[in-house]
Amino acid sequence: MTAIDPTVHLTAEQVEELGRELDAIRDEVIADRGEKDADYIRKVISAQRKLELVSRGVLLFSIFPPAWLIGTAGLSVAKIMDNMEIGHNILHGQWDWMRDPKIHSTTWEWDHVSPSEQWKHSHNELHHTYTNVIGKDNDLGYGIMRVDEDQKWHPFHLGQPLWNFLNACFFEYGIAAYDLELGKNLHKRRRKNPEFRARAKAVGRKIRKQVLKDYVIHPLLSGPSFLPTLGATFTANLVRNIWTHSVIMCGHFPEGVQVFERRSIKGETRGQWYLRQMMGSANISGSKAMHFMTGNLSHQIEHHLFPDLPSNRYAEVAVKVRALFEKYELEYVTGPLPKQVFSAWHKVFRLSLPNKKPTVKTPNREKELVAA
């Protein structure tokens, strides 16, 4: 349902002042980051690698149910850590300031079928630049879902709860697909494009590498535990995929999060860009353990404001950011994980159906928002 712009009460001067205050928060963290932060990411990487090694070792004896359960649980957590707190954040350049060639966005490769270079382009350059802009941000609905009432409804959308569920189960492959922008590149003429073919081959090589590691080498090393290990690895990948999909959906899809039309970002200032990140993201409340397992993307608002700040600093930054929401009378969308998951899925189902009645457009203004 289209609603009144929730930022309509802000003047242009206030928006730019908000931008300056957010710049100051960022500058303060950058000036303060140091060895304590570096120790944090090194310890996390070390813990993840040890957990994965031990878990894969336990799965060598996965023919025994206790070993299967322990190994599968450990491998699931290790894969989530690799993708969320480590891979995602390193590839954002959050730790490039350390100048450690082993922990750098230009050299890191993760446990994922999407090559890091392609993911950085689609995620860092496109998603974070065009956050929640319909037709520009592929992360918004993953290119397979209707995300706003003002989008034209087609019978295909009736199946979007199913498409979204399947995407959750095989999320890493879904990400690889829209990193390749398959929707527009599968036309015969575009398939012959040398750049697309090169990127498709890179994805194919990465998939083969991941499949060989997870579904051939490790099960073969398990000997008589081949099939249980195969099932355990599949389960761990499934758990990782559903978890990461849920966290990301909660960051941009719950009720109350705004989506934007292309025309709304023309001539966008830095203050307006900040405001779009604030209105286009949502947080997840919870314990320190929950924040860690989300890769601190439970602080999605803060991450979108400052994508290159170390993830371990988002909790302290969130206090200051939330104060700015209150100062400028803006809604800070947050809630526990079950609530945010329910809200996001409710929207998926709601928008799979045609509108019950025509929506009423809001008056045009310099910065138009469309309520999701």
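The values are calculated or read from the model by the stated rules, or taken from the named source; none is laboratory data. Quantities reported herein were computed from a predicted structural model and do not represent experimental measurements. Please note: Cβ atoms are built from the backbone with ideal geometry, for glycine as well, and neighbour counts cover all protein chains shown. The accessibility values were calculated without ligands, DNA or RNA, using every heavy atom of the protein model including side chains. Shrake-Rupley method; radii C 1.70, N 1.55, O 1.52, S 1.80 Å.
Residue by residue, here is whether (1) buried (at least 21 other Cβ atoms within 10 Å of the Cβ); (2) closer than 21 Å to S222 by Cβ holds:
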residue: T7; (1), (2): yes, no
residue: R26; (1), (2): no, no
residue: D32; (1), (2): no, no
residue: D39; (1), (2): no, no
residue: E52; (1), (2): no, yes
residue: M84; (1), (2): yes, no
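A count restricted to region 124-150 and to residues that are at negative phi, touching a residue at least 40 places away in the same chain (Cβ under 8 Å), assigned to a loop (DSSP other than H, G, I, E, B) and of a type outside the set (A, V, I, L, M) stands at 10. Being under 18 Å from N237 (Cβ atoms) and either part of a helix (DSSP H, G or I) or in contact (Cβ under 8 Å) with a residue 60 or more places away in the chain (or both) holds for only one residue in H121, H112, H157, and it is H112.
When the residues of region 320-345 are filtered to those that are hydrophobic (A, V, I, L, M, F, W, C) and in contact with a Pro (Cβ under 9 Å, 6 or more places away or on another chain), which remaining residue is surrounded by the most Cβ atoms within 10 Å (Cβ to Cβ)? Per the stated criteria, the residue is V333. Regarding F165, is this residue of a type outside the set (S, T, Y), under 20 Å from N237 (Cβ atoms) and either assigned to a helix (DSSP H, G or I) or at pLDDT below 90 (or both)? Spelling it out, F165 is indeed of a type outside the set (S, T, Y), under 20 Å from N237 (Cβ atoms) and either assigned to a helix (DSSP H, G or I) or at pLDDT below 90 (or both).
Of all the listed residues (K102, K43), the sole one being within 29 Å of V203 (Cα to Cα), open to solvent by 20 Å² or more (accessible area, probe 1.4 Å) and either modelled with pLDDT under 95 or not aromatic (F, W, Y) (or both) is K102. When restricted to residues that are open to solvent by less than 50 Å² (accessible area, probe 1.4 Å) and either under 23 Å from K266 (Cβ atoms) or touching a Cys at 6+ places or on another chain (Cβ under 7 Å) (or both), region 124-148 contains 14.
Residue pairs whose Cβ atoms lie under 7 Å apart, separated by 6 or more positions or on different chains, with the first residue in region 13-31 and under 16 Å from I301 (Cα atoms) and the second in a helix (DSSP H, G or I) and of a type in the set (G, A, S), are L18/G271; G19/G271.
Can you find even one residue in region 272-286 that is open to solvent by less than 20 Å² (accessible area, probe 1.4 Å), touching a Phe, Trp or Tyr at 6+ places or on another chain (Cβ under 6 Å) and among the charged types (D, E, K, R)? Looking through region 272-286, none of the residues is open to solvent by less than 20 Å² (accessible area, probe 1.4 Å), touching a Phe, Trp or Tyr at 6+ places or on another chain (Cβ under 6 Å) and among the charged types (D, E, K, R). The single residue among H291, H304 that is open to solvent by less than 20 Å² (accessible area, probe 1.4 Å) and either within 18 Å of the chain's Cα centre (by Cα) or within 24 Å of V8 (Cα to Cα) (or both) turns out to be H304. Take Q94 and decide whether it is of a type in the set (S, T, N, Q), modelled with pLDDT of 90 or more and more than 24 Å from I207 (Cβ to Cβ). Yes; evaluated as a whole, the condition is true for this residue. Identify the single condition in (1) closer than 30 Å to F349 by Cβ; (2) crowded, with 19+ Cβ neighbours inside 10 Å that T235 does not satisfy, given that it satisfies every other one. It is condition (2) that T235 fails.
Listed conditions (1) in a helix (DSSP H, G or I); (2) open to solvent by 20 Å² or more (accessible area, probe 1.4 Å); (3) not small (G, A, S) are all met by E268, apart from (1). Looking at this structure, is V247 free of Cβ contacts under 8 Å to residues at least 40 places away in the same chain and assigned to a helix (DSSP H, G or I)? In short, no.
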